[in-house]
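Asker: Questions regarding the structure given below will be posed in turn.
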Amino acid sequence: MATKKQALTKDKIVSMYMNDTLENNEKPKSVFHFTKTHKLSESEFYSLFGTLEGVEKEIFTMFITKTLELLAQNKEYETYDMKSKMLSFYFTFFEMLSANRSYVVLSLKDSKNPLKNVKQLSDLRIHFKTFVSTIISDEYRIKLDKLQDIQEKALQESAWFQLMMTLKFWMDDSSASFEKTDIFIEKSVNASFELMNTAPLESLIDFGKFLFKEKIQHN
């Protein structure tokens with residue numbers, strides 16, 4: 001009796017793509033070559049992804065999705081404060097990346113600055129900014145007051161920039177078990193939250209007004 005062909009899924013496409021990238025030391029060149037290698041029809045591929053770039057985006061989306069799933073499994077996680085939730089995210093996310101380090105480094109090798117891989121990491125950026133929004137405490141939201149929307153977006157963008165700087169550090173880290181990255185994470189997250197607590201929103205607004213007036217006067 002002929003065996004029934006298993007249904008193609010996004011997970012299977014992702015696994016094939018990552019294996020091809022690692023085994024050939026480069027990304028698949030085209031949908032045609034990718035599907036031919038795995039004896040798939042192009043229509044099967046296009047039923048799940050529109051482009052190979054879409055597969056790359058999905059891989060990084062899976063990394064953060066799995067990270068958030070693991071955090072949710074920890075019953076104590078919801079009792080953590082903002083900083084502890086952020087640290088938990090970082091350590092879990094970079095454990096995920098470390099388990100797939102060969103692919104991540106090869107995938108981003110064209111540019112050692114992750115910020116230049118905006119297209120490839122665009123979906124990761126969306127999911128991460130959503131995560132940042134979910135951990136902002138009520139206490140901090142009260143501080144934001146009427147400028148909440150503007151300030152919250154600024155916080156999301158600064159958190160994204162910090163994540164990319166950590167990613168770059170991790171890619172260059174040659175220490176055993178990436179111990180230096182762990183230290184970098186702890187110090188950078190602690191520093192960012194100390195800055196949030198010691199720089200009241202009103203002071204930042206006053207400083208911004210001062211800079212604006214100085215610029216006008218000098219022009």
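The values are calculated or read from the model by the stated rules, or taken from the named source; none is laboratory data. Being a predicted model, the structure only gives us computed values, none of them experimental. Neighbour counts run over all protein chains shown; Cβ positions are idealised from the backbone, glycine included. For the accessible areas, the whole protein counts, side chains as well, though only heavy atoms, and no ligand, DNA or RNA atoms are used. Shrake-Rupley method; radii C 1.70, N 1.55, O 1.52, S 1.80 Å.
Asker: Report yes if residue 110 is under 26 Å from residue 84 (Cα atoms), exposed (fewer than 14 other Cβ atoms within 10 Å of the Cβ) and at pLDDT below 90, otherwise no.
Answerer: Against the criterion (under 26 Å from residue 84 (Cα atoms), exposed (fewer than 14 other Cβ atoms within 10 Å of the Cβ) and at pLDDT below 90), residue 110 does not qualify.
Asker: What is the one condition in (1) part of a helix (DSSP H, G or I); (2) of a type in the set (A, V, I, L, M, F, W, C); (3) over 20 Å from residue 122 (Cα atoms) that residue 40 does not satisfy?
Answerer: Exception for residue 40: condition (1).
Asker: Which residue out of 90, 77 is farther than 12 Å from residue 185 by Cβ and aromatic (Phe, Trp, Tyr)?
Answerer: 77
Asker: A follow-up question, please. Could you run through the stretch 15-33 and say how many residues are among the charged types (D, E, K, R), surrounded by 12 or more Cβ atoms within 10 Å (Cβ to Cβ) and modelled with pLDDT of 95 or more?
Answerer: 1
Asker: Then there's this: Report, by residue number, each residue of the stretch 60-106 that is basic (Lys, Arg), in a helix (DSSP H, G or I) and more than 14 Å from residue 134 (Cβ to Cβ).
Answerer: Within the stretch 60-106, 66, 83, 101 meet the criteria.
Asker: Do you know which residues across the stretch 11-59 are at positive phi and not basic (Lys, Arg)?
Answerer: 25 - this is the single residue of the stretch 11-59 that is at positive phi and not basic (Lys, Arg).
Asker: Sticking with this structure for a sec: Have a look at 202, 179, 152 and point out the one that is out of contact with any helix residue (DSSP H, G or I) (no Cβ under 7 Å at 6 or more places or on another chain), charged (D, E, K, R) and modelled with pLDDT under 75.
Answerer: 202
Asker: Within the stretch 1-11, how many residues turn out to be open to solvent by less than 70 Å² (accessible area, probe 1.4 Å) and under 24 Å from residue 122 (Cβ atoms)?
Answerer: Total satisfying the criteria: 1.
Asker: Taking the stretch 51-74, which residues are open to solvent by 60 Å² or more (accessible area, probe 1.4 Å), free of Cβ contacts under 8 Å to residues at least 40 places away in the same chain and over 15 Å from the mean Cα position of the chain (by Cα)?
Answerer: Across the stretch 51-74, the qualifying residues are 51, 70, 72, 73, 74.
Asker: OK, next. Quick check: anything in the stretch 9-25 in contact with an Asp or Glu (Cβ under 7 Å, 6 or more places away or on another chain) and assigned to a helix (DSSP H, G or I)?
Answerer: Yes, there is a match, as at least one residue in the stretch 9-25 is in contact with an Asp or Glu (Cβ under 7 Å, 6 or more places away or on another chain) and assigned to a helix (DSSP H, G or I).
Asker: Also, I was wondering about something else. Identify, from the list 141, 125, the residue that is basic (Lys, Arg), within 29 Å of residue 66 (Cα to Cα), in a helix (DSSP H, G or I) and modelled with pLDDT under 65.
Answerer: Answer to the selection: 141.
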